[in-house]
Amino acid sequence: MNFFFCYLNPDSVFCLFKKSKTICLIDESGEVKRAWRVKQELPGGISNYALAAYWTMPMKYHSGKLYLMAIRTDIVINNLPDIRKYFETPQSLTLDISGEEAGIVSLTGDWPGLYRSDRVYQDVHAQRCVNKNGEMLFSFAVDDQVYLYSGKQTQTANAKSSGFVMPPAFPLDSAHNFNYIDKYLIESCRYRSIIYDPYRDLYYRIAEKGIPYESPDGMTVRQQDDKPFSILVLDKDLNLLREQPFDPSEYLVHYIIPVPEGLLVSKRIRKKHEKNELLFSLFDLSE
């Protein structure tokens, strides 16, 4: 995808083009209503960066502010010096777009210490959601903790999935071995994403269990969709309320969407349906 977007209202969306520092507000006819270019350096004097968004850290709008990502463009994550620089730099950028120019409010979401210990886990994108108060909750792929940023205050809570096993460090000499990368990710336990439910003021942390890479028949290998997953439910104070497991033969981890009626979880389609059709089951995990 060469652009990212964020819904504002039925008539307008924010659009960010890949590898740029310009955000546009586009109406339903495709006309650019406003544009903001970010000219400031990041905290620490970093000027070599681009604005971005990712499915683990989507672009969000709240009360005159845009929440997105700042990705450094002056490093390559295949050597220890650059890896150290990368994990010393938070990714979540907050912009104030209430005025004529976009201004940097904060660069938030410090990587936990285990990522700053010269060990890598094939994890380069933090996970972040934004609640109704504009506070940000962060999750990381191999860290049991979650981190709530509220202004200058940070609250930490344990949100460990049952049976979660810390994966071994990823060997840097396998960075271009794509078969090994697949094997590593499938055999590793991972926290996949963090989702905010604005209808019930809850957080959902998605956890995946590691499984053997080779199938029992010894002739085929397993895929990402074969990994069992669960949804950890946290209340607004980050208390862990429950963990709901899901059978990967019935459900897919790709689409988990809060709606007024509950939580939609995508289903695995076993028979032919209309092209591009998605099926969901509706759950209430608030009880």
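The values are calculated or read from the model by the stated rules, or taken from the named source; none is laboratory data. The shown structure was predicted, so the numbers you read here are calculated from the model rather than taken from an experiment. Positions of Cβ are generated from backbone atoms using ideal geometry, with glycine treated the same way; all protein chains shown enter the neighbour counts.
At a glance:
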read-out	value
Out of Thr108, Thr89, sole residue that is farther than 25 Å from Lys236 by Cβ, of a type outside the set (Gly, Ala, Ser) and crowded, with 18+ Cβ neighbours inside 10 Å	Thr89
Filter result (of a type in the set (Phe, Trp, Tyr) and crowded, with 17+ Cβ neighbours inside 10 Å) within the stretch 6-56	Phe14, Trp36, Tyr49, Tyr54
Filter result for Val13 (modelled with pLDDT of 90 or more and among the aliphatic types (A, V, I, L, M))	yes
Enumeration of residues in the stretch 1-47 that are within 22 Å of the chain's Cα centre (by Cα) and of a type in the set (Phe, Trp, Tyr)	Phe3, Phe4, Phe5, Tyr7, Phe14, Phe17
Strands (runs of 3 or more DSSP E) contained in the stretch 207-287 and holding at least 1 residues aromatic (Phe, Trp, Tyr)	229-234, 240-246, 251-259, 280-283
Residue count, the stretch 125-146 (criterion: within 13 Å of Ser193 (Cα to Cα) and either of a type in the set (Phe, Trp, Tyr) or outside any strand (DSSP E or B) (or both))	8
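Residues are listed down the side, and each one gets a yes or a no for (1) touching a Gly at 6+ places or on another chain (Cβ under 9 Å); (2) not small (Gly, Ala, Ser):
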position: Gly210; (1), (2): no, no
position: Tyr213; (1), (2): no, yes
position: Lys227; (1), (2): yes, yes
position: Val233; (1), (2): no, yes
position: Asp247; (1), (2): no, yes
position: Gly262; (1), (2): no, no
position: Val265; (1), (2): no, yes
position: Asn276; (1), (2): no, yes
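Yes/no per residue for (1) over 19 Å from Cys129 (Cα atoms); (2) surrounded by fewer than 15 Cβ atoms within 10 Å (Cβ to Cβ):
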residue	(1), (2)
Tyr203	no, no
Ile206	no, no
Lys209	yes, no
Glu214	yes, yes
Gly218	yes, yes
Asp235	no, yes
Leu240	no, no
Pro248	yes, no
Tyr255	no, yes
